[in-house]
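The structure under discussion appears below in the form of structure tokens.
Just so it is clear, none of the values below were taken in a lab; they were calculated from the coordinates. Values in this document were obtained by computation on a predicted structure and should not be read as measured data. FYI the Cβ positions are ideal-geometry reconstructions off the backbone, even for glycines, and counts take in every protein chain you see.
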Amino acid sequence: MEKPAICGGTPVRESKIYYGHQYVDEADIEAVVRVLRSDYLTCGPRIAQLEEKLCKITGAQYAVVCSNGTAALHIACLAAGVGEGDEVITSPLTFAASANCALYCGAKPVFADVDKETYNIDPAAVAACVTPHTKAVVAVDFGGQSAELDGLQDICREQGLVLIEDGAHVIGTRYKGKYNGSIADMTTFSFHPVKTVTSGEGGAVLTNSEEYYKKLILLREHGITREAGLMQNPPHGNWYYEQIMLGMNYRMTDIQAALLDSQLDKLPLFRMRRKAITARYDQAFSGLKGIRLQKEVSDSDTTRHLYIIRILEEELTIGRKEFFEALAAENIYGNVHYIPVYYHPYYERLGYRKGLCPVAEEIYEGIISIPLYYGMTDQDVDDVIRGVTKIARYYAGK
Ligand SMILES: Cc1ncc(COP(=O)(O)O)c(C=O)c1O
């Protein structure tokens, strides 16, 4: 049996590999340089072009791009009318932004447990969390797998709630034949460099509702309008504009927009490669003792942002922490997505306690995100498979 590097064996590779990495080519660089040579670095024509492209790709009627995925969640909550005294239901197995957006609006995040197979928020748990104060559900497409939107939409319609899909991971995924982004009341995207496509920092809100769209535009730009129909007073002149509500400066620059626009041209390629790597991992790890895989959401065509293996401590002589360290010794640097949000000291200070969502907590104990990104070579994929398999086999002595 091959000895893991952590026990003195030879690492499966010499150079380090990380769980994610952006892919930027010459076309991306040229697109950015063209903007740098143009008249508009921000507030220019690239923004509307990009928004149109996002609508075309997803089938959503409206898109509002903004500075990052967190800003997108914030303005989506505000557009949904989330405010003081409201409750917003979300998953604990996510990045803090999915819950922080409720806090920004003066509302209370309520954590509903996740499904033990898909790791997505469980519609039955959501239904059990609804109270007269609930205003919205922020459903995370965990790792790129669509949330169970049908079940969630039923609950939201019945209870008069707004369904906000935190689609930070989901671009390129289809649920029941429709691209995510065109289904929920509002869907937010993130374009951080580890995501499938990037603008450096960036985000977007997609919606089919003209009412939400108009609010989102105002919220992104200080609450300022130049539209005569929205102004309260007659214009003083051509320079005139009015602030008609309190908004933020959450604009995306034209530099970022050009990068993302160019990245989106490669989305079909990015999807294909991610799916191919996922298929290789699935084949290599299904049936491997000590490893459980995240179940694919039924009726979806998933583009994974993350590939997550779950270490089953009961089948191995080591736990997740040791497995993670053993992988690093092989020069394979994973990550853990995510520490349950309410474990963070800030949330503890707000009164949240461990034990709230037992399924999410149990999943957290075992998960590791292994490398998955477009630029991985076949050799990289082979190395990761060899590393994981070597460690799982070596420690499968129980
Ligand atoms: C699930 C989820 N929601 C929201 C965000 C926030 O996006 P951003 O980093 O673009 O603000 C992230 C970012 O990692 C995320 O993973």
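Rg and Dmax of the stretch 268-342, using alpha carbons, in Å: what are they?
When restricted to Cα atoms, the stretch 268-342 yields Rg and Dmax of 13.9, 41 Å.
Give me 297, 33, 381 ranked fewest to most by other Cβ atoms within 10 Å of their Cβ, as a rough exposure proxy.
Fewest-to-most ranking of 297, 33, 381: 33, 381, 297.
Run through the stretch 1-68 and list the trypsin sites (Lys or Arg not before Pro) located in a DSSP loop whose Cβ has at most 12 other Cβ atoms within 10 Å. Mind showing how you got there, number by number?
Numbers: sites: 13, 16, 34, 37, 46, 53, 56; in loops: 13, 16, 37.
Here the trypsin sites (Lys or Arg not before Pro) that fit, given the DSSP loop and packing criteria, are 16, 37.
Could you list the square roots of 5 times each eigenvalue of the Cα gyration tensor of the stretch 13-123, that is, the equivalent ellipsoid semi-axes, sorted largest first and rounded to whole Å?
The answer is 32, 24, 14 Å, longest axis first.
If you add up the charges near residue 135, with Lys and Arg at +1 and Asp and Glu at -1, over every other residue whose beta carbon is less than 13 angstrom from its beta carbon, what do you get?
Net charge in that neighbourhood comes out at -3.
Length gain on complete extension for the stretch residue 84 to residue 289, per 0.36 nm per residue less the alpha carbon to alpha carbon distance? Don't jump to the answer; show the numbers that get you there.
On the way: separation 205, 0.36 × 205 = 73.80 nm, distance 4.89 nm.
Extra length from residue 84 to residue 289 when fully extended: 68.9 nm.
If you stretched the chain out fully between residue 3 and residue 49, how much longer would it get, using 0.36 nm times the residue separation minus the C-alpha to C-alpha distance?
Value of the extension gain: 11.2 nm.
Going by Cα centres, the stretch 187-224 and the stretch 341-398 are how many Å apart?
If we compute the Cα centre of each part, the gap is 29 Å.
Under the definition of Cα pairs under 8 Å and six or more residues apart, what whole-number percent is the relative contact order of the stretch 214-359?
Relative contact order of the stretch 214-359: 12 percent.
Which residue, chosen from 234, 50, 217, occupies the Cα position most advanced towards the positive end of the dipole of the stretch 26-264, where the dipole is computed from +1 (Lys, Arg) and -1 (Asp, Glu) charges on Cβ about the Cα centre?
After comparing all options, I get 234.
If one computes the Cα centroid of the stretch 1-80 and of the stretch 284-301, what distance in Å separates the two points?
The stretch 1-80 and the stretch 284-301 have Cα centres spaced 26 Å from each other.
So which GluC sites (Glu not before Pro) in the stretch 1-73 are both in a DSSP loop and have at most 16 other Cβ atoms within 10 Å of their Cβ?
Sites meeting the loop and neighbour criteria: 2, 14.
Between residue 140 and residues 5 or more places away or on another chain, which pairs have amide H atoms under 5 Å apart, with H built 1.01 Å from N, and which residues are they?
Amide H to amide H, under 5 Å and 5 or more residues apart or across chains, residue 140 pairs with 91, 121, 166.
Cα axis of helix 210-220 to longest principal axis of the chain: angle in degrees, 0 to 90, nearest 10?
In the chain, helix 210-220 runs at an angle near 80 degrees to the longest axis.
What is the order of 58, 198, fewest Cβ neighbours within 10 Å to most?
Exposure proxy ranking, most exposed first: 198, 58.
Based on the Cα atoms of the stretch 26-264, what semi-axes does the equivalent ellipsoid have, where each is the square root of 5 times one gyration tensor eigenvalue, given in whole Å with the largest first?
Rounded to whole Å, the semi-axes are 30, 23, 14.
Apply the Karplus parameterisation 6.51 cos²θ - 1.76 cosθ + 1.60, with θ equal to phi minus 60°, to every residue of the stretch 103-114 and state each ³J(HN,Hα) to the nearest whole Hz, in sequence, with x for glycine and proline.
Per-residue couplings from phi come out as 4, 4, 8, x, 9, 10, x, 10, 9, 9, 5, 9 Hz.
Where does the chain land at 222 nm, in deg cm²/dmol rounded to the nearest 500, when only DSSP H runs of n ≥ 4 count, each adding -39500 (n - 2.57), divided by all residues?
Rounded to the nearest 500, it is -11000 deg cm²/dmol.
Counting pairs of alpha carbon atoms under 8 Å apart in space and at least six apart in sequence, what relative contact order in percent does the chain give?
24 percent
Given the pairs 3/195; 135/275; 176/266; 116/178; 108/275, which are separated by over 28 angstrom at their Cα positions?
3/195; 135/275; 108/275
Please give the charge dipole size of the stretch 26-264, origin at the Cα centre, charges +1 on K and R Cβ atoms and -1 on D and E Cβ atoms. Round to the nearest 20 debye.
420 debye
For the stretch 118-217, what's the radius of gyration and Dmax over Cα atoms, in angstrom?
13.5, 40
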